[in-house]
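Okay, so here's the structure we're looking at.
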Amino acid sequence: MEVTPGRKSLEGTVAVIAATLLWGSTGVFVKMTKMPGPAITFWRVFFGAAILSLATLAQRQKVRNGPILACLGTGIIFGLSIVLYFTALRLTSIANVTLIGALAPVAVALVSRRTVGEKVPGKAVIAVVVATGGVSLAILSSRGLPERNGLGDLAALTSLVLFVAYFLLSKQLRQKTPNTRYNLLMTLGAAIPVTVVAAVSGAPVLGYTGRDYLMVALVAIFPGSLGHWLVNWAHTRITAGTSATIQLGVPVVAIAAGWVFVGEKIQFLGVVGSAIALAAIFAVIRIETCQAGAERRFEESEAIA
């Protein structure tokens, strides 16, 4: 039975929402370890590679088929992105890192038509702008808080640029590569810069407590492997712009989790900004749903004709 555009859109949307909830928990796990950023990244990647290797074997997907070098190259970009991301989480607040990262939809909306051939509806562009305004408001509300660090903010911004490149390349590669196989190759590629950075930085990767390794393993299993698997799976079901905009919910989850679990402060403007961003996300989801419905009706009318 052929899956309708509306069904595919719903499945993709639910997958990205689930990934957003998982990614929003990352900062809490990181704050609950004593590992430096390079060590966290090292173990996150190698735990993830082990998990995905088992999943690939279970699904009997052949790793040697398809665009191997392209997948590995995309992984290298992703590896550099998460090195900077976890370093930023050690230097500045969870809220700042995730809020800066949430600006990804702006970049995706600007370049997705040229890079992956997607047209962004005018209403969706407006929703992205509104969401970005909400995110910016929340970022401004954190100025002067003791958890904020300018170097950490810069690391988060650089990580954002690299992540957008990884995201759009993944959108292209997923059209011709099975999802689990792609995620394994991408993770193996990420292991290259991660290992180099860990060695150059001199950060030890051994000698930590069982709790530290457990927290990083949880990051690798849930936000890491499962979160990215869900988003890459959704690439064939919803547009890159819609997926990225739904991910604006990550800061909302992260801010709430940081407040509940590690005692980070929440400013009133941060709550207002997050609420604006969340409302805009729902608007984008609605636009995506309506567009999928219109495509389904068009296909049905063409079949009748």
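The values are calculated or read from the model by the stated rules, or taken from the named source; none is laboratory data. Note that this is a predicted model, so its numbers are computed, not measured. A quick note on method: Cβ atoms are made from the backbone with ideal geometry, for glycine too, and the neighbour counts reach across all protein chains shown. Only protein heavy atoms, including side chains, enter the accessible area calculation; ligands, DNA and RNA are left aside. Shrake-Rupley method; radii C 1.70, N 1.55, O 1.52, S 1.80 Å.
A few points about this structure:
- Among the listed pairs K31/K62; K31/K171; K62/K171; K34/K62, those whose Cα-Cα separation exceeds 27 Å are K31/K62; K31/K171; K34/K62.
- For the range 146-275: rounded, prolate or oblate by the Cα gyration tensor [a/c cutoff 1.5]: oblate
- Sorting the segments 48-61, 176-189 by their residues' average number of neighbouring beta-carbon atoms within 10 angstrom, most packed first, yields 176-189, 48-61.
- Note, ³J(HN,Hα) from phi for the range 157-170, Karplus 6.51, -1.76, 1.60, rounded to Hz, x at Gly and Pro: 5, 5, 4, 4, 4, 5, 5, 4, 4, 4, 4, 6, 5, 4
- Accessible area in the full protein assembly, largest first, 1.4 Å probe, for R7, R237, R44: R7, R237, R44
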